[in-house]
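Taking it in order: structure first as structure tokens, then the write-up.
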Amino acid sequence: MNPVIPAPVPVPLPAPPWLLEFLLVFTFVLHLLAMDFLLGGVIILSVSSFLGRHDSGHHELARRVSHALPPVTAFTITLGVAPLLFVQLLYGQLFYTSSDLMAWYWLAVVFLVMLGYYGIYWYQMQHDELGTRAAWVMLSTAILFMLVAFIFTQNITTMLHPQDFYRLFLNGQVGTILGSVTSLNIARLAHFVVAAAALAGLGIALLSARWRTESPELARWGRRYGVTWFMGATLVQFLVGLWFLFSLPVEIRQSLVGDKLAVGLLVSGIFLALLGLLMAPRSLLAASVAMLGAVSAMAVLRHLVRVAYLRPYFDPHSLAVRGQWVVFSIFVVLLLAGLATVGWMLYVFYRPAARRA
Amino acid sequence: MNYPVWEPFMLGGGLVIGIIAILHVFVSHFAVGGGLFLPLTERKAYRENNPALLEYVKSHSKFFVLVVLVFGAVSGVGIWWSIALVNPEATATLIHVFVWGWAIEWVFFIVEIAAAFIYYYGWDRLDPKTHLLVGWIYFGAAWASLLVINGILTFMLTPGRWIKTQTFASAYFNPGMLPSLVVRTAVCIALAGVYALITSSAVADVALRNQVIAYAAKWLLAGTLIIPFAGIWYISTIPALAREISMGGAPAVTIFAGLSIFFSALVMAFTYFGPHQRPRHFNMVFAFLLAVLALSTTAVTEWVREAVRKPYIIYGYMYSNGIRVSDVERTREVGLLKSARWVRHHEVDPQALERTGEEVYRVQCASCHTVDGYNSIRFAVKGWSWAMIDYQLAHLSSLKGFMPGFVGTDAERQALGAWLASLNPVPTNIAIEPASSAVRGQATDATGEGASQP
């Protein structure tokens, strides 16, 4: 059966595909950093909230870390908007099709995120009033966000298999077709969840440093605790990553092996993660830089895997382009000005003198 | 035609978007107006040296963050989610035209969110001047995000020169952009008042409570005073057909347009005689009733704004069912089912006439109609014979100006008619077959089956 793929929009792309691909991967990395802290954060805080019923260290750590979660949630959502915009521009006809097939699940993401978000606020604002029930609130939030991760994995994986679209369509009712839950999808989901736990562990270790002056003991313990999550999850990741790699279809793996850039990215990603693992007990900063490198390398590799999957069906480089350079330049200028403004606000907020009498 | 059609059963796609969008509009305009209310009221508190008022602004900012940053942000994503599911072709087109516009809006969102958190967490950390400045940064970014999205929204009804030039500038600076910006800004100011009435009616200190209630009422009145003038300006820019639809052409739309004016007048009258004149008698219940009334105004107005765009989703360029105007001729020649990708039958099957007709319905009609729910098609053709339905379908755009003309071959139109006729019991004593049937012979089958349906 010939694959049924919708025709791309007859309006030219507003920028060359390489630029859109760069922005897609770049903004996706930004989204990942926030998302990892959020998803991993709610998982770790679920564990800590239950342990915190009988352990004041866990209790206090969970309370403090939960204050970071609302802004992180806001930024996860907002930073996620950009890559979704660019993926629709480059691969819209695939993305919309897989989204429509699973429409009810896909739309549910909005409600799951909103519930989870309010769950986080509930936990944070009423932590003491909730008492032992706080742990259940956090666990429910973690489950909601895991469901979101699962639905995302299904959609973003299904869109890579246009050859299956029509079969899925014929065998189901549009809106309820979640796509097959294969070992590849589960490995992919596990890969992301474990990465989130690792990076959130690192994030918590970094956050603990801020408590150094007022509660040095908690700060020391928080750092050790975060690093333990980071190292444990990263060790697990080496297994999960292998599982994910070997769940990829043979032809995709072969095409990656034949691609020097892909091999280079994979090797440097693994190397940087190892480096992060070794550095974490000594220098959090060095470990963070190494992990930023690892995440970036993996995000580029992920894009190459997508390109390899779609090569037989569609190449965005074949689309017509009519660059909108003036408005693009305005975007770049505003982005720089916006980041400077955010930077200034963070500066005045965190500068030591910033305390009203 | 290009994408699989999702039919959210009783609701229909339009209502799914509508529900999410109306709630989002009600909160997102508050996100902008409230962003002006916070720094202005904070400044007022400093100037009057009124610590109680400052305390109120603090508590209002907490309410603001919980409503705006969570519900406002996520429901905004929800609109995007739902339009992509219900009308992927139009969404894809908008993204191709406006991606840098959205990218710019995204920058403003980032600044907006960062500023909102720093404003909220900064009450005890920042000196008053800096804190106020952060509030202004929030408002600037929030209003700028409205500035961007407003042009994209009005583009759909008044794409103006874009149809010819296809440039970003002509798409964004479209005829409806400026008047709509004024309307929406006024709505933001009014909604800032609506929400402030809710929080102010919860203030315990009676003197402060009365002061803030009267103050919040002024915001609501100021906004509602501007809206009618800007509204008339806006209506003067929309296409003639759209105006006709809202002023008598389509009764339902006209009634809703009337309701929009009626609800607005009610809001204004209640506000003037209630919280503005008698703040002492105002309470939380009244505040919520006023909010419900304001939400109803938003709902009917947004509904009218969407309805007058029919039969298009992008005026003059794409019909509400996602078919491009430029594709109509070719699709009529080739056939809808051959052009559509997500169908089981790629041509009219005389052995399965109704099932083919149902597929024609799904591809061409289901973006606005449902079978039994919102805008029910079964109800719309009740009592109509196949011949009557076929005549209506053949002259759809002239009989019902707000519907796109039927796109497809004669056989496809008759298959659709056969399925529609089968939805209700056969009317008696009238010709039941189309005058010249391209699928003659199956006619009796089709209506015969229909007769057995409830």
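The values are calculated or read from the model by the stated rules, or taken from the named source; none is laboratory data. These numbers were taken from a predicted model, which means no experiment stands behind them. Here Cβ is always computed from backbone atoms with ideal geometry, including for glycine, and neighbour counts include all displayed protein chains.
Where residues in region A:60-72 are touching a Gly at 6+ places or on another chain (Cβ under 8 Å) and within 11 Å of chain B (Cβ to nearest Cβ), which of them is surrounded by the fewest Cβ atoms within 10 Å (Cβ to Cβ)? The residue in question is A:A68. Considering B:G101, B:G160, B:G151, the condition of being at pLDDT below 95 and under 30 Å from A:P12 (Cα atoms) is satisfied by B:G160 alone. Screening B:L225, B:L178, B:L266, B:L220 for residues that are farther than 25 Å from B:L153 by Cα and in a helix (DSSP H, G or I) leaves exactly one candidate, B:L266. In the condition set (1) in a helix (DSSP H, G or I); (2) within 16 Å of B:F64 (Cβ to Cβ), B:F108 is compliant with all but (2). Being more than 20 Å from B:E302 (Cα to Cα) and among the hydrophobic types (A, V, I, L, M, F, W, C) is true for just one of B:A31, B:A52. Which residue is that? Of B:A31, B:A52, the one residue that is more than 20 Å from B:E302 (Cα to Cα) and among the hydrophobic types (A, V, I, L, M, F, W, C) is B:A52.
Of the candidates A:Y347, A:Y313, the single residue that is more than 9 Å from every other protein chain (Cβ to nearest Cβ), surrounded by fewer than 16 Cβ atoms within 10 Å (Cβ to Cβ) and in a loop (DSSP other than H, G, I, E, B) is A:Y313.
Go through the residues of region B:66-78 one by one and say whether even a single one is in contact (Cβ under 8 Å) with a residue 24 or more places away in the chain, under 17 Å from A:G116 (Cβ atoms), of a type in the set (A, V, I, L, M) and at the interface with another protein chain (Cβ under 7 Å from one of its Cβ atoms). Within region B:66-78, one or more residues are in contact (Cβ under 8 Å) with a residue 24 or more places away in the chain, under 17 Å from A:G116 (Cβ atoms), of a type in the set (A, V, I, L, M) and at the interface with another protein chain (Cβ under 7 Å from one of its Cβ atoms). Would you say A:S99 is surrounded by fewer than 20 Cβ atoms within 10 Å (Cβ to Cβ), of a type in the set (S, T, N, Q) and either within 27 Å of A:V307 (Cα to Cα) or away from chain B (no Cβ under 11 Å) (or both)? No, not satisfied. Would you confirm, using the coordinates I've provided, whether B:L126 is under 25 Å from A:M125 (Cβ atoms), out of contact with any helix residue (DSSP H, G or I) (no Cβ under 6 Å at 6 or more places or on another chain) and buried (at least 18 other Cβ atoms within 10 Å of the Cβ)? Here the answer is yes, as B:L126 does meet what is asked. When A:Y166 is evaluated against the numbered criteria (1) buried (at least 20 other Cβ atoms within 10 Å of the Cβ); (2) under 30 Å from B:H346 (Cα atoms), which criterion, by number, is the only one it fails? Of everything listed in (1) buried (at least 20 other Cβ atoms within 10 Å of the Cβ); (2) under 30 Å from B:H346 (Cα atoms), A:Y166 misses just condition (1).
Check whether at least one residue in region B:189-208 is of a type in the set (D, E, K, R), surrounded by fewer than 21 Cβ atoms within 10 Å (Cβ to Cβ) and at pLDDT below 95, and report yes or no. Yes. Residue-level check: of (1) within 14 Å of another protein chain (Cβ to nearest Cβ); (2) buried (at least 20 other Cβ atoms within 10 Å of the Cβ), A:W104 misses just (2). Candidates A:V332, A:V300, A:V321: the one that is within 14 Å of chain B (Cβ to nearest Cβ), at pLDDT 95 or above and over 30 Å from B:A116 (Cα atoms) is A:V321. From the list B:E333, B:E347, the one residue that fits, being of a type in the set (D, E), part of a helix (DSSP H, G or I), surrounded by fewer than 20 Cβ atoms within 10 Å (Cβ to Cβ) and modelled with pLDDT under 95, is B:E333. Residue pairs whose Cβ atoms lie under 8 Å apart, sitting 6 or more positions apart in sequence or on different chains, and linking a residue in region A:281-293 that is in a helix (DSSP H, G or I) to a partner that is of a type in the set (F, W, Y), are A:A287/A:F230. Determine, yes or no, whether B:A84 is among the small types (G, A, S), more than 9 Å from chain A (Cβ to nearest Cβ) and over 22 Å from A:L334 (Cα atoms). Criteria not met by B:A84. From the set of residues in region B:138-175 that are in a loop (DSSP other than H, G, I, E, B) and within 14 Å of chain A (Cβ to nearest Cβ), which is surrounded by the fewest Cβ atoms within 10 Å (Cβ to Cβ)? Taking the candidates together, the pick is B:Q166.
For every residue, the table says whether it meets (1) modelled with pLDDT under 95; (2) farther than 20 Å from A:P6 by Cβ.
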{"residue": "A:W106", "(1), (2)": "no, no"}
{"residue": "A:F111", "(1), (2)": "no, yes"}
{"residue": "A:G116", "(1), (2)": "no, yes"}
{"residue": "A:G119", "(1), (2)": "no, yes"}
{"residue": "A:H127", "(1), (2)": "yes, yes"}
{"residue": "A:F145", "(1), (2)": "no, yes"}
{"residue": "A:Q154", "(1), (2)": "no, no"}
